[in-house]
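Contents: one structure, followed by commentary.
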Amino acid sequence: MSVRRLAEDQVQPTGFAFNADNTAWAEKTIQKYPEGRQQSAVIPLLMRAQEQDGWVTRACIEKIADMLDMAYIRVLEVATFYTQFQLKPVGTKAHIQVCGTTPCMLRGSEALMEVCRHKIHHDPLTPNESGTLSWEEVECQGACVNAPMVIIFKDAYEDLTPERLEEIIDTFEAGKGDTVKPGPQIDRHLSAPIGPLTTLTEETKPDRSNLDKPAEAPAAAAPAAAPAPSEAAKPKTTAAESDAKLKTPVTDPKASESNAKDAAKEGSGETKTSPKPSLEDKNRPAKIERPAKADDLKLISGVGPKIEATLNELGIFTYMQVAGWSAEEREWVDGYLNFKGRIDRDDWVRQAEALAKGGEAEYIRVFGKKPR
């Protein structure tokens, strides 16, 4: 944001006071805020002062600071931060803010600025000779879909062409700005698409033909279920049949399905978890006694405190040990840690070689980043 300063002393008025109506309004506005929070009214009061005098003066800032029991510098900070506040005199009949952000720029805002340079003044924020008109370029004003656009005082004028903006400027210069309709300056309703509707153009009605048909008779009741046979009428079960039922296991269908899957896995050699390799396996890496200063194995990506403790239990304490692992030894450690190939994926051997050769500096040279 560019530096914003108050106008020169020679154009500053000697004092400021709200008129009677605005004084009553300001007092009522301040009372809207809880006790101790009255300073929150600073922006509304600055806006009302600008609407009354056309711009925010030094005397205005000091007056509002006194009303709100604020330091002058605090009100000055607000006035110079927000570009909605004009810090020097602007056009008395119209101050035109031309949006120059990308959507408006792509739709011709530069041409609108040329109109302002031609009809008002070459330089922004400089009133014309009569002091009635001025202009400036501003950032996005929230009507991108109707670009390009300008704001004059509190109203937006959208979908502009250079010719239409000239007409609007002339109307404000003639003192008839209230006759210009704000919003889109083309045949568009608010931000609706230009032209006729292209969707939902056909009216469809629900099929209500069934509502005119008489209600169908209720379905006949289902025949009553036959009474259960009496105990005497039930067929007798022989002792042999009872014994056979007792010997037949009752199985849950889901359990049977799970057992079938497990059986299939066993047949294919697949198991849920592989057993740890034996500590007596010939492929187990050679262990050493703990040195006086063990290497920080956690610098190897993939090794955390828990894994480092396990490696130490196996007698592995140095980068050189890890760097010297053969494929068989890596496979043994991988199985012991149940890593499923992680040692090769994370390239422990190459990491350990770099750390053993030159520590973190060599690691950064090889991998382009710090370890861990």
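Throughout, read-outs are computed from the coordinates displayed, never taken from laboratory work. Just so we're clear, the structure is a prediction, and the values are computed from it rather than from any experiment. FYI the Cβ positions are ideal-geometry reconstructions off the backbone, even for glycines, and counts take in every protein chain you see.
Quick one: Cα centre-to-centre distance for segment 298-372 and segment 108-124, in angstrom? That distance is 68 Å. Each listed q (0.16, 0.23, 0.24, 0.28 Å⁻¹) maps to a log10 I(q)/I(0) for segment 9-81 from the Debye sum over equal C-alpha point scatterers, namely -0.51, -1.06, -1.15, -1.50.
Figure the gain on full extension for Thr199 and Lys306 (residue separation times 0.36 nm, minus the Cα-Cα span) and round it to one decimal in nm. Walk me through the intermediate numbers first.
Values: separation 107, 0.36 × 107 = 38.52 nm, distance 6.27 nm.
Taking 0.36 nm per residue and subtracting the Cα distance, the gain is 32.3 nm.
Across segment 9-81, C-alpha contacts under 8 Å between residues 6 or more apart give a mean separation that, scaled by the residue count, equals a relative contact order of 33 percent. Between Gln10 and Gln39, residue separation times 0.36 nm minus the direct Cα-Cα distance comes to 7.5 nm.
For Lys181 and Asp155 in the same chain, what is the full-extension length gain: residue separation times 0.36 nm, less their Cα-Cα distance, in nm?
Values: separation 26, 0.36 × 26 = 9.36 nm, distance 0.92 nm.
My answer for the length gained is 8.4 nm.
In loop segments of segment 140-207 as defined by DSSP, the GluC sites (Glu not before Pro) with at most 10 further C-beta atoms inside 10 Å of their C-beta are Glu202, Glu203. Net charge of the neighbourhood of Arg188, taken over other residues with C-beta under 15 Å away and scored Lys/Arg +1, Asp/Glu -1, is 0.
For segment 132-210, trypsin sites (Lys or Arg not before Pro) are listed when DSSP marks them as loop and at most 10 other Cβ atoms sit within 10 Å of their Cβ; the list is Lys154, Arg208. Summing charges over all other residues whose Cβ lies under 13 Å from the Cβ of Asp53, with Lys and Arg as +1 and Asp and Glu as -1, gives +3.
For the pair Ala192 and Lys340, a Förster radius of 51 Å applied to the C-beta separation gives a FRET efficiency near 0.30, rounded to the nearest 0.05.
Relative contact order for segment 290-367: 31 percent, from Cα pairs under 8 Å spaced at least 6 residues apart, divided by residue count. Cross-link check: pairs Lys88/Lys154; Lys298/Lys340; Lys276/Lys357; Lys28/Lys181; Lys154/Lys176; Lys93/Lys154 evaluated at a Cα-Cα cut-off of 21 Å; pairs beyond the cut-off: Lys276/Lys357; Lys28/Lys181. Annotation: amide H of Val138 within the under-5 Å range of Val98, Cys99, Gly100, sequence separation 5 or more or interchain, hydrogens built in the peptide plane.
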